[in-house]
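Bear in mind these aren't lab numbers, they're just calculated from the coordinates by the rules spelled out. These figures come from a predicted structure and were not determined experimentally. We place every Cβ from the backbone using ideal geometry, glycine too, and count neighbours over all the protein chains shown.
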Amino acid sequence: MRIPRTRGGLTGLIVMVLGLWAALIPFVGPYFNYSIHNDETWFWMVDRLWLEILPGAAAFFGGLLLMTSAFRASARTGALLAALGGIWLVIGPTTSMLWNHGSIDVGPALFGSFRRTIEWLGMFYLVGAIITALSSYAYGMLTARPVAARATAAGYGAGRSETEREHAAAGTGTTAPR
């Protein structure tokens, strides 16, 4: 089913920017003393691929699908892809302890306790939570609309006056049978 181009456009753009941030901040963050594990710019680790680049890329491409899609199915796929990327940003560092003998794969934050908190939130937890929330909202909005359209097309409310349909939708009573 076709959807207006504006549906999911702003949400997709925000998710794209956050996905780009998540994928690139480990590499460019050291330019302005914002880093975890290593303060070298463009420092490559396989852990960054699994915990930052891939979820950021999933969010970016999911947001791109949300923003550009003309069909509900592909827009929902984009929202789901972005949500999975956001969820992995939130749970990935903690989950990495399973394959890294009890320590977090990306390593420790480098600076004081307040800065460490800001770095963890800005690289993983807050970014992932916002991506997940926005893409879940977009997925819900893309799913909810066809349900109402199907109910109308199936005859719920067909042949009734506007007042009768409102009462039936609100569940405030029934009218006399026809």
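Put in order of Cβ neighbour count within 10 Å, fewest first, the listed residues Tyr31, Tyr125, Tyr139 become Tyr31, Tyr125, Tyr139. Neighbour counting of Cβ atoms within 10 Å sorts the residues Leu51, Leu66, Leu20, fewest neighbours leading, into Leu20, Leu51, Leu66. Taking other C-beta atoms within 10 Å as the exposure proxy, Met141, Met16, Met97 rank Met97, Met141, Met16 from fewest upward. Protection proxy ranking, highest mean first, for peptides 41-49, 84-92: 84-92, 41-49, where packing is the per-residue count of other beta-carbon atoms within 10 Å, averaged.
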